[in-house]
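Enquirer: Quick one: this structure, given as structure tokens, is what I'll be asking you about.
The values are calculated or read from the model by the stated rules, or taken from the named source; none is laboratory data. Just so it is clear, the model here is predicted, and its values are computed rather than measured. Every residue, glycine among them, receives a Cβ derived from its backbone with ideal geometry; neighbour counts consider all protein chains shown.
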Amino acid sequence: MDYIRDYVMYAAIFGMFSFSWFGWAQERPRASWRLYLGIASGIALLVCLYGVYLSVTHWDAPSALNDKTSYRNYLITVYVEFFLAAAGAFALIRWKRKDYVAPWIAFIVGLHFIGLKPVFNDASLYVLAALLVIVSVISVFLAPKLNVANSAITGIGSGAVLFAFAILGLIRFYLV
């Protein structure tokens, strides 16, 4: 079954988090990247807002979250993600390894999409999970070579991946 509201919520939520990751990428990127990061943030925000508009205007459309079990599993997955992300970030900051917070968050966000696949019955969430985990790992090795913060690489990679999935949500909405 196609869940129309879920597709537009993908656009809204993934667009919002793409906007956020592109913003985080501005922590310490190369100076020549700043304009492009700002443009990417702006475009992601527009996709988010369009997704919000479509979500509001299609609020009564089918959603996987209409099922109480799916909704409960969704909440559990999100709460676990927040707890793990926050605990890891706290530990990294306490251990004076704050440059690893962005990759850690991306890693946990990636893993949480594995738990959301059965909730939304959407195998593409496995792809999203894999891409975010890959970005989190690559950023740790690539950032020092480019002499930028880990958050610059993590933010660009995560922002781009989430933006692509926001657009995919819009495409799927229009194809249903």
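Enquirer: In this structure, is V140 assigned to a helix (DSSP H, G or I), at pLDDT below 95, surrounded by 13 or more Cβ atoms within 10 Å (Cβ to Cβ) and among the β-branched types (V, I, T)?
Expert: No: the conditions fail for V140.
Enquirer: So which of A164, A102 ends up being under 13 Å from the mean Cα position of the chain (by Cα) and surrounded by fewer than 17 Cβ atoms within 10 Å (Cβ to Cβ)?
Expert: So the residue among A164, A102 that is under 13 Å from the mean Cα position of the chain (by Cα) and surrounded by fewer than 17 Cβ atoms within 10 Å (Cβ to Cβ) is A164.
Enquirer: Are there any pairs, at least 6 apart or on different chains, whose C-beta atoms fall under 6 Å, with the first in the range 105-119 and closer than 23 Å to S63 by Cβ and touching a residue at least 40 places away in the same chain (Cβ under 8 Å) and the second hydroxyl-bearing (S, T, Y) and in a helix (DSSP H, G or I), and if so, which?
Expert: Sorted first by the residue in the range 105-119, then by its partner, the pairs are G115/T77; L116/T77; V119/S70; V119/Y74.
Enquirer: May I ask you to say which residue of L54, L37, L45, L84 is farther than 20 Å from G155 by Cβ and either modelled with pLDDT of 95 or more or of a type in the set (V, I, T) (or both)?
Expert: Sole residue among the options that is farther than 20 Å from G155 by Cβ and either modelled with pLDDT of 95 or more or of a type in the set (V, I, T) (or both): L54.
Enquirer: Next up: Please go through the range 86-107 and pick out each residue that is aliphatic (A, V, I, L, M) and under 19 Å from A149 (Cα atoms).
Expert: The answer is A89, A91, L92, I93, V101, A102, I105, A106.
Enquirer: Given the residues A149, A130, A166, which is the only one that is in contact (Cβ under 8 Å) with a residue 60 or more places away in the chain and within 18 Å of S18 (Cβ to Cβ)?
Expert: A166
Enquirer: Residue check: is S70 surrounded by 12 or more Cβ atoms within 10 Å (Cβ to Cβ), among the polar types (S, T, N, Q) and within 25 Å of V133 (Cβ to Cβ)?
Expert: So S70 passes the test.
Enquirer: Could you grab me the full set of residues in the range 95-154 that are more than 25 Å from Y79 (Cβ to Cβ) and of a type in the set (G, A, S)?
Expert: Within the range 95-154, S139, A143, A149, A152 qualify.
Enquirer: Give the residue that is surrounded by the fewest Cβ atoms within 10 Å (Cβ to Cβ), with candidates limited to residues of the range 119-137 that are under 30 Å from N66 (Cα atoms) and of a type in the set (S, T, N, Q).
Expert: Only one residue fits best here, namely N121.
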